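The values are calculated or read from the model by the stated rules, or taken from the named source; none is laboratory data. Remember, predicted model here, so these are calculated numbers, not experimental data. Neighbour counts run over all protein chains shown; Cβ positions are idealised from the backbone, glycine included.
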Amino acid sequence: MMTLMLTLHALGMDAAQLLSSRFSQDVRIEIQQIQKLSSRPAEQAFVRFIKAGQAHLAVPGEAEVIVHYKAHRIVWAAHEKIERGARLSQGLFDAKDVLIADPAFDQGFAYFDLAHMRAAYEATQTILPGQMLTASAVTKVPDVRIGDKIRVTLIGAGLRISTEGVALEKGWLYDSLRASVAHSKKQMRGTLVAPHELEVNL
């Protein structure tokens, strides 16, 4: 089968888009070379990885090709030891541009992106210097922790009564939370509508 080496323009952009669908959304694909396998247009898209950095794919309406590529992503590596429960910030990590060997490796590690962090997070485990930050190592900082005093509002037909209570589990705004009501010690489950404010529908 005769092959032809091509520079990358429109076909390269299509190939990069196809490859990107096999990686997580934060991965950037850099097409280095395309090797055309035939001039016959492909009827449907497919991607077959031959080895790291090389894939056999087809773009609908274009030829089947071998693509040589690099897959990049930004990961965050700790530059000091971070204890479990510590609040996370970008100042504790260094951003590194790394090459991803193949989709299986990329999907096996759900890296956590500090650059797009929209809430406060803390470590769920000890993170060692140089260790890359993964989604399994972090959790959102809870708005309520076990043992916190909260205000419990009981809501029923024409009834609205507020009393004090204690959180029996950690929780986040607008999520379900179990608490015990002061004095009676009765356990109830409601919705955390504001920091330390629980509403219970009777």
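Just to be sure before I move on: is K81 surrounded by fewer than 15 Cβ atoms within 10 Å (Cβ to Cβ) and not polar (S, T, N, Q) in the structure I sent?
Working: surrounded by fewer than 15 Cβ atoms within 10 Å (Cβ to Cβ): yes; not polar (S, T, N, Q): yes.
Spelling it out, K81 is indeed surrounded by fewer than 15 Cβ atoms within 10 Å (Cβ to Cβ) and not polar (S, T, N, Q).
Rundown of residues vs (1) touching a residue at least 12 places away in the same chain (Cβ under 8 Å); (2) out of contact with any Asp or Glu (no Cβ under 8 Å at 6 or more places or on another chain); (3) outside the structural domain of T124 (by TED's automatic domain parsing); (4) not in a strand (DSSP E or B), yes/no style:
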{"residue": "T153", "(1), (2), (3), (4)": "yes, no, yes, no"}
{"residue": "G165", "(1), (2), (3), (4)": "yes, yes, yes, no"}
{"residue": "L177", "(1), (2), (3), (4)": "yes, no, yes, no"}
{"residue": "S180", "(1), (2), (3), (4)": "yes, yes, yes, no"}
{"residue": "H183", "(1), (2), (3), (4)": "yes, yes, yes, yes"}
{"residue": "M188", "(1), (2), (3), (4)": "yes, yes, yes, no"}
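Considered as a group, the residues in region 6-39 that are under 20 Å from L99 (Cβ atoms) and among the hydroxyl-bearing types (S, T, Y) include one that is modelled with the lowest pLDDT, and that residue is S24.
Among residues of region 44-62 that are in the same structural domain as F23 (by TED's automatic domain parsing), those with a Cβ under 6 angstrom from a residue that is charged (D, E, K, R) and modelled with pLDDT of 75 or more, sequence gap 6+ or separate chain, pair up as V47/R22; H56/R48; A58/E64; V59/D14.
Looking at region 89-98, can you tell me whether even one residue there is within 26 Å of the chain's Cα centre (by Cα), surrounded by 16 or more Cβ atoms within 10 Å (Cβ to Cβ), hydrophobic (A, V, I, L, M, F, W, C) and under 30 Å from I29 (Cβ atoms)?
Initially, region 89-98 is screened for residues within 26 Å of the chain's Cα centre (by Cα), giving 89-98.
Narrowing the set further to residues that are surrounded by 16 or more Cβ atoms within 10 Å (Cβ to Cβ) leaves 92-93.
Next cut, hydrophobic (A, V, I, L, M, F, W, C) only: 92-93.
Filter once more, so that each one left must be under 30 Å from I29 (Cβ atoms): 92-93.
The answer is yes, given that some residue of region 89-98 is within 26 Å of the chain's Cα centre (by Cα), surrounded by 16 or more Cβ atoms within 10 Å (Cβ to Cβ), hydrophobic (A, V, I, L, M, F, W, C) and under 30 Å from I29 (Cβ atoms).
Residues in region 34-64 that are within 11 Å of D14 (Cβ to Cβ) and not small (G, A, S): I34, L57, V59, P60, E62.
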